[in-house]
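This report refers to the structure that appears directly beneath it.
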Amino acid sequence: MTTKKVNGVEVELTPEEEAQFRAEQSGTLGDYKKLKYKKLSEIAKYHRTKGFSFNGIPIKTDDKSLALLQGTNIRNEDISFKQDEGDFVTISSAEQQSLREAIYDFVQGNFSNEGNLTNQIKNVGSDDSGKLSQADKDLIDAIDLNQGWA
């Protein structure tokens, strides 16, 4: 494990801190951007899969749940789902189109936000193989990865 001095005391770095420390030491803009992209990817996955509430019903948006919801579109009938707590909820056939639109808006909104944040990172500096300047580091650090999620 890597250590560094903080206020004159050697401290062990977490794996994330170590990766950032190494990127800062390697000195390339591209390496520093890779760290920000990795963190963005983790945050985006969390937001994309955390789900949302539809008419008071918690809707999961992980891959398995979305596939299950997609499979229910075959018939124009009410659908029932078992919640984590064991309770069953019903979504009427009339509500299903609104639910599909809400899911689309939720998922697409999160992908759009991830794309916007990716472009903000990408647009910092002009040579990813070049030395990381303090100004570019500050610009990357100023990009708030927690903004704009659905």
Everything considered on the Cα gyration tensor (a ≥ b ≥ c; rounded for a/c under 1.5, else prolate if a/b is larger than b/c, else oblate), the stretch 59-111 must be described as oblate
Crossing angle, helix 15-26 versus the chain [Cα axis fit, 0-90 degrees, rounded to tens]
40 degrees
Mind checking which of Phe88, Ser53, Tyr37 is farthest towards the positive end of the stretch 36-141's charge dipole, using Cβ charges of +1 (Lys, Arg) and -1 (Asp, Glu) about the Cα centre?
Tyr37
DSSP loop (so not H, G, I, E, B), at most 16 other Cβ within 10 Å: list which GluC sites (Glu not before Pro) in the stretch 85-150 pass both filters.
Glu85
With springs connecting C-alpha atoms under 10 Å apart, model the chain as a Gaussian network and identify which of Gln134, Gln96, Gln20 has the largest mean-square fluctuation.
Gln134
Using the alpha carbon gyration tensor of the chain, what are the three equivalent-ellipsoid semi-axes (square root of 5 times each eigenvalue), largest first, in whole Å?
43, 18, 11
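Computed from the coordinates by the stated procedures, all read-outs in this text should not be read as laboratory data. Because the structure is predicted, anything quoted here is derived from the model rather than measured. Reconstructed Cβ throughout: ideal geometry from the backbone, glycine too, with neighbour counts over all protein chains shown.
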